[in-house]
Amino acid sequence: RGRPGDGTERFLSPGKGRGLRAVRHFAVGELVFACPAYSYVLTVNERGAHCEHCFTRREDLFKCGKCKQAYYCNVDCQRGDWPMHKLECVAMCAYGENWCPSETVRLVARIIMKQKVTTERTSSERLLLLKEFESHLDKMDSEKDEMVQADIAALHHFYSRHISDLPDEQTLIELFAQVNCNGFTIEDEELSHLGSAAFPDVALMNHSCSPNVIVTYKGTVAEVRAVKEINPGDEIFNSYIDLLYPTEDRRERLLDSYFFTCQCTECTSKSKDKAKMEIRKLSSPPEPEEIRSMVHYAKNVIEEFRRLLEMCELSQEKMGAIFADTNVYMLHMMYQAMGVCLYMQDWDGAMNYGEKIIQPYSVHYPAYSLNVASMYLKLGRLYLGLEKKSQGVRALKKALAIMEVAHGKDHHYVAEVKREIEEQK
């Protein structure tokens, strides 16, 4: 048996351009191939919880002595990460709160650095070189153009001092477009976002809404495993998107982000659409037009919430230039943002806001305040839901101390919180 990866080959897939196909049989659950990241970056929100270099999640990481922002398992990880971390270490010190390149910009800076020192084909490019990535420049609309221009400006702003001679404008436009179409987000077991990366060999796979493999991550290595039996000669398909939604939505999303119209078996048969678009049994069933307008409404509401959260984040950024995080107007925006996260079931996001809010709340509000108690309660329950037991119990006890005074010791709310604490013992 060869190393994982010997069981596949690059080929021209009819109507799809290049793709990946199996040259041997793969059973369900079998590793088809593994691909180390060509370049990668840990997301800012996970700093301190994961090692910047190997993405290991552990409690006892130590931080970079200079910027105090990057955390590592040990000296080896710190040394290994230095060629990339040095692009940001000094800049983070210099800019302080104003250091805010997007994750895409951070990843592209690392790719540029890597390309400067790399002459040979890397182990991430067994079958596809990063520079062969599709950019679809011809298909980009003005909105996408503007985003790329903003990213290029940020790259120059935050990195030009640390990367000598950045590539020219056209090369950068192409590189950002390539990363936007071919980049991956690394996620943990709960699908929480850990970072962004380039995995060239993984990017070779074409999309299907009925994929025969799934990509997971072990540290900074992508692993591709069969989720259907794969026979020699079969094309290997990954899914690029969330497969929850009906065909029309999926096709729209794929066209917008990846510039193709999906013709996979699922999109042509639409076999799951009926169940996905189940309508209530009513005495007079709704007209197709009514259903269409309700879908339209639902999509608008989803988009509205996304925009709301973005607005909360942008306003915090703007106000944060002058207001400290403990300023009541900042806290108000964070509280709103936390509410949006809770509604959207983004528990990690909600927890992050709650953690920022709770200390200032306990300073600004009177000693016994229902606002403080309810915040400790929300935070405690979030912690428990995210299996952070000791933090959860601590927060619930703080809530309880206030509630016993405000609600009285015999209130059923108090009994309920006591029971929640007991259950954790």
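Near Ser374, once Lys and Arg are set to +1 and Asp and Glu to -1 for all other residues with Cβ below 13 Å from its Cβ, the sum equals +3.
Please report the relative contact order for the chain, taking Cα pairs under 8 Å with a sequence separation of at least 6, and give it as a percent rounded to a whole number. Write down the numbers at each step before the final one.
On the way: 568 pairs, mean separation 62.0, N = 425.
Over the chain, the number comes to 15 percent.
Counting only whole DSSP H helices of the chain, there are none at least 30 Å long by C-alpha along their axis and with mean Kyte-Doolittle hydropathy no lower than 1.0.
Taking the solvent-accessible surface of protein heavy atoms with a 1.4 Å probe, what is the per residue accessible area of the chain in Å²? List each step's numbers first, then the result.
On the way: 23820 Å² over 425 residues.
That works out to 56 Å² per residue.
Note the full-extension length gain between Lys388 and Phe11 as 0.36 nm times their separation in residues minus their Cα-Cα distance, in nm to one decimal. The partial results should precede the final answer.
Values: separation 377, 0.36 × 377 = 135.72 nm, distance 4.68 nm.
Net length gain for the segment: 131.0 nm.
Sorted on the mean count of surrounding Cβ atoms within 10 Å across their residues, most packed first, peptides 80-90, 314-324 read 80-90, 314-324. Taken as Cα centroids, segment 30-51 and segment 401-420 sit 43 Å apart, rounded to the nearest whole angstrom.
For Lys228, a cut-off of 17 angstrom between C-alpha atoms picks up these aspartates and glutamates, skipping any fewer than 8 places away in its own chain: Glu30, Glu266.
Packing, as the average of other Cβ atoms within 10 Å across residues, places the peptides 34-47, 387-400 in the order 34-47, 387-400, highest first.
Taken over the C-alpha atoms, the chain has Rg and Dmax values of 24.6, 72 angstrom.
Once neighbouring chains are kept in place and the probe is 1.4 Å, which whole percent of the accessible area of the chain is contributed by carbon and sulfur?
Working: 12680 of 23820 Å².
It is 53 percent, rounded to a whole number.
Extension gain for Ile214-Leu243 works out to 9.2 nm (0.36 nm per residue, less the C-alpha to C-alpha distance).
Label separation (Glu252 vs Asp165): 4.7 nm, computed from points 7 Å beyond Cα along the C-beta direction.
For segment 318-425, what does the relative contact order come out to in percent, with C-alpha contacts under 8 Å and a separation of six or more?
Numbers: 101 pairs, mean separation 19.0, N = 108.
Computed value for segment 318-425: 18 percent relative contact order.
Extent of segment 263-369 along its three principal axes (Cα atoms, max minus min coordinate, largest first): 57, 35, 22 Å.
Note on Tyr368 and Glu310: their simple-model spin labels are 4.6 nm apart, each label 7 Å out from Cα toward Cβ. For the listed peptides 377-385, 167-175, a ranking on the average number of other beta carbons within 10 Å per residue, highest first, reads 377-385, 167-175. Size check on segment 369-424: the Cα extents along the three principal axes, sorted descending, read 29, 22, 12 Å.
Between the residues Leu244, Ser257, Val227, the greatest Cα displacement towards the positive end of the dipole of segment 204-257, with unit charges on the Cβ of Lys, Arg, Asp and Glu, is found for Val227. What lysines could a cross-link reach from Lys318, if we take a straight Cα to Cα line under 18 Å and drop same-chain neighbours fewer than 8 places away? Filter leaves Lys356. Between Tyr365, Tyr240, Tyr376, the GNM of the chain built on Cα springs shorter than 10 angstrom shows Tyr365 fluctuating the most. With the simple model of a label 7 Å out from the Cα in the direction of the Cβ, Val301 to Asn45 spans 2.3 nm. Each Lys and Arg contributes +1 and each Asp and Glu -1, all at the Cβ; summed about the Cα centre of segment 195-242, the dipole is approximately 140 debye.
The values are calculated or read from the model by the stated rules, or taken from the named source; none is laboratory data. The shown structure was predicted, so the numbers you read here are calculated from the model rather than taken from an experiment. Positions of Cβ are generated from backbone atoms using ideal geometry, with glycine treated the same way; all protein chains shown enter the neighbour counts. Calculation scope for accessible area: heavy atoms of the full protein, side chains included, ligands and nucleic acids excluded. Shrake-Rupley method; radii C 1.70, N 1.55, O 1.52, S 1.80 Å.
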